[in-house]
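Right, one structure below, let's go through it.
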Amino acid sequence: DVKVTQSSRYLVKRTGEKVFLECVQDMDHENMFWYRQDPGLGLRLIYFSYDVKMKEKGDIPEGYSVSREKKERFSLILESASTNQTSMYLCASRPGQGFYGYTFGSGTRLTVV
Amino acid sequence: DQQVKQNSPSLSVQEGRISILNCDYTNSMFDYFLWYKKYPAEGPTFLISISSIKDKNEDGRFTVFLNKSAKHLSLHIVPSQPGDSAVYFCAAAVSGGYNKLIFGAGTRLAVHP
(Lines give C-alpha, C1' and ligand atoms only; values in the text may rest on other atoms or scores of the structure.)
Protein backbone atom coordinates (compact mmCIF):
# COMPACT_ATOMS: atom_id res chain seq x y z
CA ASP A 1 0.00 0.00 0.00
CA VAL A 2 1.42 3.35 -1.03
CA LYS A 3 2.15 5.78 1.72
CA VAL A 4 3.05 9.27 2.76
CA THR A 5 4.62 9.11 6.19
CA GLN A 6 5.02 12.07 8.51
CA SER A 7 7.63 11.44 11.15
CA SER A 8 5.71 12.76 14.16
CA ARG A 9 2.03 12.63 15.05
CA TYR A 10 2.29 15.22 17.84
CA LEU A 11 4.99 17.79 18.60
CA VAL A 12 5.31 20.41 21.32
CA LYS A 13 7.97 23.06 20.81
CA ARG A 14 8.95 26.30 22.49
CA THR A 15 8.73 29.75 20.94
CA GLY A 16 11.93 30.56 19.06
CA GLU A 17 12.98 26.95 18.49
CA LYS A 18 13.92 25.71 15.02
CA VAL A 19 11.48 22.96 14.09
CA PHE A 20 11.80 20.28 11.41
CA LEU A 21 8.77 18.39 10.09
CA GLU A 22 9.69 15.42 7.94
CA CYS A 23 7.69 13.74 5.20
CA VAL A 24 8.61 10.64 3.21
CA GLN A 25 6.71 9.07 0.31
CA ASP A 26 7.32 5.67 -1.25
CA MET A 27 5.50 6.22 -4.56
CA ASP A 28 8.29 7.86 -6.59
CA HIS A 29 6.10 10.97 -6.95
CA GLU A 30 7.62 14.09 -8.49
CA ASN A 31 5.48 16.59 -6.60
CA MET A 32 5.28 17.10 -2.86
CA PHE A 33 3.31 19.64 -0.84
CA TRP A 34 3.06 21.06 2.66
CA TYR A 35 -0.33 22.34 3.89
CA ARG A 36 -1.51 23.58 7.23
CA GLN A 37 -5.07 22.98 8.41
CA ASP A 38 -6.75 25.45 10.75
CA PRO A 39 -10.39 25.63 11.88
CA GLY A 40 -12.42 27.88 9.63
CA LEU A 41 -9.58 28.24 7.14
CA GLY A 42 -9.29 24.76 5.67
CA LEU A 43 -6.06 23.60 4.07
CA ARG A 44 -3.65 26.32 3.01
CA LEU A 45 -0.60 25.63 0.86
CA ILE A 46 2.72 26.61 2.44
CA TYR A 47 5.28 25.31 -0.06
CA PHE A 48 5.52 22.71 -2.76
CA SER A 49 8.24 21.01 -4.75
CA TYR A 50 8.01 19.64 -8.27
CA ASP A 51 11.46 18.08 -8.36
CA VAL A 52 14.51 17.40 -6.25
CA LYS A 53 16.05 20.66 -5.02
CA MET A 54 13.21 22.65 -6.61
CA LYS A 55 10.66 24.53 -4.53
CA GLU A 56 7.88 27.04 -4.99
CA LYS A 57 6.10 29.24 -2.47
CA GLY A 58 2.49 28.53 -1.78
CA ASP A 59 -0.06 30.94 -0.33
CA ILE A 60 1.41 31.32 3.18
CA PRO A 61 5.19 30.78 3.05
CA GLU A 62 6.16 33.41 5.63
CA GLY A 63 8.05 31.94 8.57
CA TYR A 64 8.68 28.64 6.78
CA SER A 65 11.30 27.12 4.53
CA VAL A 66 11.60 23.70 2.88
CA SER A 67 14.23 21.25 1.77
CA ARG A 68 14.08 18.50 -0.82
CA GLU A 69 17.45 16.82 -1.18
CA LYS A 70 16.02 13.45 -2.23
CA LYS A 71 12.94 12.65 -4.28
CA GLU A 72 11.21 10.76 -1.50
CA ARG A 73 11.73 13.28 1.30
CA PHE A 74 10.31 16.79 1.76
CA SER A 75 11.08 18.70 4.94
CA LEU A 76 9.26 21.72 6.33
CA ILE A 77 11.35 24.01 8.54
CA LEU A 78 10.07 26.58 10.98
CA GLU A 79 13.09 28.85 11.38
CA SER A 80 11.92 30.36 14.67
CA ALA A 81 8.67 28.84 15.88
CA SER A 82 5.92 31.19 17.01
CA THR A 83 2.59 30.52 18.71
CA ASN A 84 0.66 31.42 15.55
CA GLN A 85 2.29 28.42 13.87
CA THR A 86 0.42 26.08 16.18
CA SER A 87 -1.54 24.00 13.68
CA MET A 88 -2.09 20.67 11.96
CA TYR A 89 0.49 20.19 9.20
CA LEU A 90 -0.29 17.88 6.30
CA CYS A 91 2.16 16.61 3.72
CA ALA A 92 1.00 15.33 0.33
CA SER A 93 2.54 13.94 -2.81
CA ARG A 94 1.29 13.66 -6.39
CA PRO A 95 2.61 12.09 -9.59
CA GLY A 96 3.12 14.38 -12.57
CA GLN A 97 1.04 17.48 -13.19
CA GLY A 98 -2.53 16.20 -13.08
CA PHE A 99 -5.19 16.91 -10.48
CA TYR A 100 -5.47 13.34 -9.39
CA GLY A 101 -3.41 11.12 -7.24
CA TYR A 102 -2.84 13.38 -4.26
CA THR A 103 -1.91 11.18 -1.32
CA PHE A 104 -1.87 12.84 2.07
CA GLY A 105 -0.03 11.87 5.21
CA SER A 106 -1.87 11.56 8.52
CA GLY A 107 -0.65 14.94 9.72
CA THR A 108 1.51 16.38 12.48
CA ARG A 109 -0.20 18.33 15.24
CA LEU A 110 2.32 21.01 16.25
CA THR A 111 1.84 23.07 19.38
CA VAL A 112 4.17 26.02 20.01
CA VAL A 113 4.20 27.20 23.62
CA ASP B 1 -9.54 36.51 0.83
CA GLN B 2 -10.73 32.92 0.45
CA GLN B 3 -11.28 31.90 -3.14
CA VAL B 4 -13.14 28.73 -2.16
CA LYS B 5 -15.81 29.02 0.50
CA GLN B 6 -17.77 26.43 2.39
CA ASN B 7 -20.15 28.51 4.44
CA SER B 8 -21.65 25.71 6.51
CA PRO B 9 -19.14 24.49 9.10
CA SER B 10 -21.36 21.57 10.05
CA LEU B 11 -24.30 19.52 8.85
CA SER B 12 -26.34 16.87 10.62
CA VAL B 13 -28.38 14.35 8.63
CA GLN B 14 -30.38 11.25 9.47
CA GLU B 15 -29.20 7.93 8.10
CA GLY B 16 -30.84 7.13 4.76
CA ARG B 17 -31.60 10.75 3.90
CA ILE B 18 -29.78 13.00 1.45
CA SER B 19 -26.75 15.06 2.50
CA ILE B 20 -26.06 18.21 0.49
CA LEU B 21 -22.75 19.98 0.98
CA ASN B 22 -22.23 23.32 -0.70
CA CYS B 23 -19.20 25.18 -2.01
CA ASP B 24 -18.83 28.60 -3.63
CA TYR B 25 -15.83 30.02 -5.46
CA THR B 26 -14.81 33.47 -6.58
CA ASN B 27 -12.09 32.83 -9.16
CA SER B 28 -13.69 32.42 -12.58
CA MET B 29 -10.43 30.88 -13.86
CA PHE B 30 -11.03 27.70 -11.83
CA ASP B 31 -11.83 24.87 -14.22
CA TYR B 32 -11.44 21.77 -12.08
CA PHE B 33 -13.14 20.95 -8.81
CA LEU B 34 -12.64 18.12 -6.36
CA TRP B 35 -14.13 16.90 -3.11
CA TYR B 36 -12.00 15.33 -0.40
CA LYS B 37 -13.12 13.49 2.72
CA LYS B 38 -11.20 13.51 5.98
CA TYR B 39 -11.61 11.30 9.01
CA PRO B 40 -10.00 12.27 12.34
CA ALA B 41 -6.33 11.28 12.62
CA GLU B 42 -6.12 10.58 8.88
CA GLY B 43 -5.15 12.63 5.86
CA PRO B 44 -7.80 13.76 3.34
CA THR B 45 -8.73 11.24 0.64
CA PHE B 46 -10.07 11.98 -2.83
CA LEU B 47 -13.82 11.44 -3.26
CA ILE B 48 -15.07 12.81 -6.58
CA SER B 49 -14.24 15.52 -9.11
CA ILE B 50 -15.74 17.50 -11.97
CA SER B 51 -14.31 19.59 -14.77
CA SER B 52 -15.88 22.83 -15.91
CA ILE B 53 -17.02 21.30 -19.19
CA LYS B 54 -19.57 19.23 -17.24
CA ASP B 55 -22.38 20.17 -14.90
CA LYS B 56 -22.76 16.81 -13.18
CA ASN B 57 -20.63 13.84 -12.25
CA GLU B 58 -21.86 10.74 -10.46
CA ASP B 59 -20.05 7.94 -8.65
CA GLY B 60 -22.26 5.54 -6.74
CA ARG B 61 -23.93 7.37 -3.88
CA PHE B 62 -21.98 10.57 -4.59
CA THR B 63 -22.94 13.20 -7.15
CA VAL B 64 -21.30 16.56 -7.71
CA PHE B 65 -23.18 19.36 -9.44
CA LEU B 66 -21.51 22.43 -10.93
CA ASN B 67 -23.26 25.72 -11.67
CA LYS B 68 -20.65 27.86 -13.41
CA SER B 69 -22.80 30.95 -13.75
CA ALA B 70 -23.39 30.98 -10.00
CA LYS B 71 -19.83 29.83 -9.22
CA HIS B 72 -21.34 27.15 -7.04
CA LEU B 73 -20.93 23.43 -6.65
CA SER B 74 -22.57 20.91 -4.40
CA LEU B 75 -21.96 17.35 -3.28
CA HIS B 76 -24.98 15.10 -2.83
CA ILE B 77 -24.75 11.87 -0.85
CA VAL B 78 -27.72 9.55 -1.23
CA PRO B 79 -28.46 7.63 0.90
CA SER B 80 -26.33 8.92 3.74
CA GLN B 81 -24.66 6.34 5.97
CA PRO B 82 -23.06 6.68 9.43
CA GLY B 83 -19.67 5.89 7.85
CA ASP B 84 -20.01 9.09 5.81
CA SER B 85 -19.52 11.12 8.98
CA ALA B 86 -16.34 13.09 8.30
CA VAL B 87 -15.09 16.53 7.28
CA TYR B 88 -15.59 17.26 3.57
CA PHE B 89 -13.32 19.69 1.76
CA CYS B 90 -14.08 21.32 -1.56
CA ALA B 91 -11.03 22.13 -3.70
CA ALA B 92 -10.55 24.01 -6.96
CA ALA B 93 -7.74 24.50 -9.45
CA VAL B 94 -6.79 26.27 -12.65
CA SER B 95 -5.48 23.76 -15.17
CA GLY B 96 -2.02 24.33 -16.52
CA GLY B 97 1.00 25.42 -14.58
CA TYR B 98 1.44 23.51 -11.35
CA ASN B 99 -2.25 22.64 -10.95
CA LYS B 100 -2.28 23.70 -7.31
CA LEU B 101 -5.39 22.87 -5.33
CA ILE B 102 -7.11 25.65 -3.36
CA PHE B 103 -9.19 24.22 -0.51
CA GLY B 104 -12.26 25.48 1.31
CA ALA B 105 -12.62 25.52 5.08
CA GLY B 106 -14.47 22.21 5.22
CA THR B 107 -17.90 21.04 6.37
CA ARG B 108 -18.25 18.51 9.18
CA LEU B 109 -20.98 16.01 8.29
CA ALA B 110 -22.60 13.94 11.03
CA VAL B 111 -24.92 11.13 9.93
CA HIS B 112 -26.93 9.79 12.83
CA PRO B 113 -29.07 6.64 12.97
Kirkwood estimate for the range B:1-94, i.e. one over the average of 1/r between Cα atoms, Å: 13.6
Cα-Cα pairs of chain A separated by more than 25 Å (percent): 14
Note: B:42-54 gets an average of partner chain Cβ contacts (10 Å, Cβ to Cβ) equal to 3
Positive-pole candidate from A:49, A:105, A:33, dipole of the range A:4-112, charges at beta carbon: A:105
Report ³J(HN,Hα) in whole Hz for each residue of the range B:31-40, in order, from the Karplus equation J = 6.51 cos²θ - 1.76 cosθ + 1.60 where θ = phi - 60°; Gly and Pro get x. 9, 8, 9, 9, 10, 10, 10, 9, 8, x
Contact order normalised by residue count of chain A, Cα under 8 Å, 6+ apart, percent: 36
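With the other protein chains left in place, how much accessible area per residue, in square angstrom, belongs to chain B at a 1.4 angstrom probe?
Each residue of chain B exposes 47 Å² on average to a 1.4 Å probe.
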Can you list residues whose amide H is under 5 Å from residue B:106's amide H, if they're 5+ apart or on another chain and H is modeled 1.01 Å from N? B:6, B:90
Which of the lysines could a cross-linker span from residue B:54 if the Cα-Cα distance has to be under 19 Å and same-chain partners fewer than 8 positions apart are dropped? B:68, B:71
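Any idea of the total accessible area buried by the A-B contact, 1.4 Å probe, rounded to 100 Å²?
Separately minus together, A and B give about 2000 Å² buried.
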Computed over the protein assembly as shown, Cα set: Rg, Dmax in Å: 17.5, 51
Listed residue (A:84, A:10, B:40) projecting farthest to the positive dipole end of the protein assembly as shown, Cβ model: A:84
Which whole-angstrom value gives the distance between the alpha carbon centres of the range B:61-92 and the range A:87-109? 20
Could you work out what % of the accessible surface of the range A:5-113 is carbon and sulfur, using a 1.4 angstrom probe and leaving DNA, RNA and ligands out of the count? 51
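The values are calculated or read from the model by the stated rules, or taken from the named source; none is laboratory data. Note that this is a predicted model, so its numbers are computed, not measured. Backbone-built Cβ (ideal geometry, glycine too); neighbour counts: all protein chains shown. Note: areas computed on protein heavy atoms with side chains; ligands, DNA, RNA excluded. Shrake-Rupley method; radii C 1.70, N 1.55, O 1.52, S 1.80 Å.
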